[in-house]
Every structure is written in C-alpha cells, then in structure tokens.
Amino acid sequence: MIFFNNETFFTLKDEHEIVSWVKKCIQDESKEHGEINFIFCDDSYLLEINIKYLNHNTLTDIITFDYTLDDLVGGDVFISIDRVKENAADYKVSFKDELHRVIVHGILHLCGYKDKTTDEKKQMRAKEDYYLSLRTFV
C-alpha cells in the first residue's frame, strides 16, 4: 500500500495504523491485499480525472480504479482532500473520520461493492460503518 500526494500538501497521519486497518478490512472480506495506491489530490485534479475517464463533469471525493484479480485486491484510489474537508464540515464529523470513511469506501469498491442503487448504497454505508467501528487508532 502506497500513499501519494498530487496537487496537495496533505500529510497522512497514522499511516502505519491505517495500512493495518485497511489490510484487516480486506481480510475480513475474504480477500488478499495486492498493490493499492492512494493518491491524495485537490478538487481540480480529481475533476480532470472524472471528466477524462468517466465523462462526469462534477466534483467528487473519490474515484477508484479497480485492478483486482480474483481475490487479490488492487487499484488506484484518488481522494480529493478538498472534498473530504468540505464533506466533514457538511456532515458535522471530524476530518479524520470522513477521510477514513472515504478510504474504506474505496477499499469496499475494490472488494466488489457497488453504490449505484439505493440498496447498494445502504449496504455500502453499513459496511463503511462496520469497518469504521473496527478502528483502534482513533
């Protein structure tokens, strides 16, 4: 698991603990962790990706490119720090909690979960809440 910054000066705190937690989430989904890159960026960079690769001209907090093969979880997870900050304020949660929710959201996508329908969104939210409850480093 590798963490990168692109177009942002963000520094991830508790990196070792987050790696351990993410690996546990993947293991609990009966998967193995492979190469996963988290790229922290700003709104404009993620918007460019959203337009170029997904044909969506909207801001988003996360875009996940899934390279999972069978049970070996891998991919690139782009996270807009700008969106995470704004969403944390909007939802009245800490930045750290919102960032962790977005991180596990990306991991759940790599594990095969979708969030297009109402039922998929409910299942995704329940899984996010469950895995957030397993954090021991908050």
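The values are calculated or read from the model by the stated rules, or taken from the named source; none is laboratory data. Everything quoted here is computed from the prediction, not taken from an experiment. Note that each Cβ is placed from the backbone with ideal geometry, even for glycine, and that neighbours are counted across all protein chains shown. Keep in mind that these areas ignore ligands, DNA and RNA; they rest on the heavy atoms of the full protein, side chains included. Shrake-Rupley method; radii C 1.70, N 1.55, O 1.52, S 1.80 Å.
What size of dipole, in debye to the nearest 20, comes out for the stretch 35-138 about its Cα centre when the only charges are +1 on Lys and Arg C-beta atoms and -1 on Asp and Glu C-beta atoms? Could you put the intermediate results ahead of the total?
On the way: 13 positive and 19 negative charges, 69 e Å.
With Lys and Arg at +1 and Asp and Glu at -1, about 340 debye.
Which value, in Å², gives the accessible area per residue of the stretch 20-121 when a 1.4 Å probe is used on the protein heavy atoms?
Working: 5360 Å² over 102 residues.
Value for the stretch 20-121: 53 Å² per residue.
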- prompt: Based on DSSP, what percent of beta bridges with both residues in the stretch 18-138 are antiparallel, to the nearest 5?
  reply: 45 percent
field: trypsin sites (Lys or Arg not before Pro) restricted to DSSP loop in the stretch 76-116 with at most 10 other C-beta within 10 Å
entry: K92, K116
task: Just name one of W21, I36, L54: the one whose Cα is farthest towards the positive end of the charge dipole of the chain (beta-carbon charges, Lys/Arg +1, Asp/Glu -1).
output: W21
- prompt: Among 1-11, 24-34, how do they line up from the highest to the lowest mean number of other beta-carbon atoms within 10 Å?
  reply: 24-34, 1-11
- line: Rounded to 0.05, the calculated FRET efficiency for the beta carbons of T136 and Y113 at R₀ = 30 Å is 0.85
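Between the DSSP loop rule and a limit of at most 11 other Cβ atoms within 10 Å, which chymotrypsin sites (Phe, Trp or Tyr not before Pro) in the stretch 39-138 are left?
Working: sites: F40, Y45, Y53, F65, Y67, F78, Y91, F95, Y113, Y130, Y131, F137; in loops: Y67, Y113, F137.
Of the chymotrypsin sites (Phe, Trp or Tyr not before Pro), not one in the loops of the stretch 39-138 has a Cβ with at most 11 other Cβ atoms within 10 Å.
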- prompt: So for the pair Q123, L72, with labels modelled 7 Å out along Cα→Cβ, what separation do we get in nm?
  reply: 2.6 nm
query: Which one of I39, I51, I107 has the biggest mean-square fluctuation once the chain is modelled by GNM with Cα springs under 10 Å?
result: I51
- line: Highest GNM mean-square fluctuation among V77, V22, V93, for the chain with Cα springs under 10 Å, belongs to V93
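On a full-extension model of 0.36 nm per residue, what is the gain between K96 and N57, subtracting their alpha-carbon distance, rounded to one decimal in nm? List each step's numbers first, then the result.
Details: separation 39, 0.36 × 39 = 14.04 nm, distance 2.69 nm.
Gain in length upon complete extension: 11.3 nm.
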